[in-house]
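The values are calculated or read from the model by the stated rules, or taken from the named source; none is laboratory data. All figures in this text were calculated on a predicted structure; none of them were measured in a lab. No Cβ is skipped: glycine too gets one built from the backbone with ideal geometry, and neighbour counts run over all protein chains shown. Ligands, DNA and RNA are excluded from the accessible area calculation, which covers all protein heavy atoms including side chains. Shrake-Rupley method; radii C 1.70, N 1.55, O 1.52, S 1.80 Å.
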Amino acid sequence: MDVSWHIHDELVDRSINAQVVGFGNISWDYFCSLEFAIFVCSTTGTGVETDDMKTFWRLMLRKSLAPDTLSNMKFACFGLGDSSYEK
């Protein structure tokens, strides 16, 4: 969350409208309406994604989605590992 809020504050400082929304709290309709998204994804233990990220990822992989559902969205993904993992 700290990284998400840091990115948010940097965008707002540049007069860019930004919101921080957790994967478990975003509606599909709202997500599909976005023009740009920055995904900040963390893992736990040995690189396992969080439960809310798994659920959101399953939504994105549905076969029933039209191929162009997210064609107008630009995005970036920022992955964070677990600092307690030795490797």
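Per-structure values
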item: DSSP-defined beta bridges in the chain - what % are antiparallel, rounded to 5; result: 20
item: Label-point separation, R62 to R14 (7 Å along Cα→Cβ), nm; result: 3.3
item: Solvent-accessible area, 1.4 Å probe, carbon plus sulfur percent, for the chain; result: 53
item: Selected from S15, Y30, W5, residue furthest toward positive end of dipole (the chain; charges at beta carbon); result: Y30
item: R14 accessible area, assembled protein chains, probe 1.4 Å, Å²; result: 150
item: Long-range HN-HN contacts of V40 with modeled amide H, under 5 Å; result: F78
item: Accessible area expressed per residue, the chain, with surrounding protein chains retained (probe 1.4 Å, Å²); result: 79
item: Hz values of 3J(HN,Hα) by residue in the range 27-33 - Karplus curve (6.51, -1.76, 1.60), Gly and Pro given as x; result: 7, 5, 4, 5, 4, 5, 7
item: S42 accessible area, 1.4 Å probe, all protein chains in place, Å² to nearest 10; result: 60
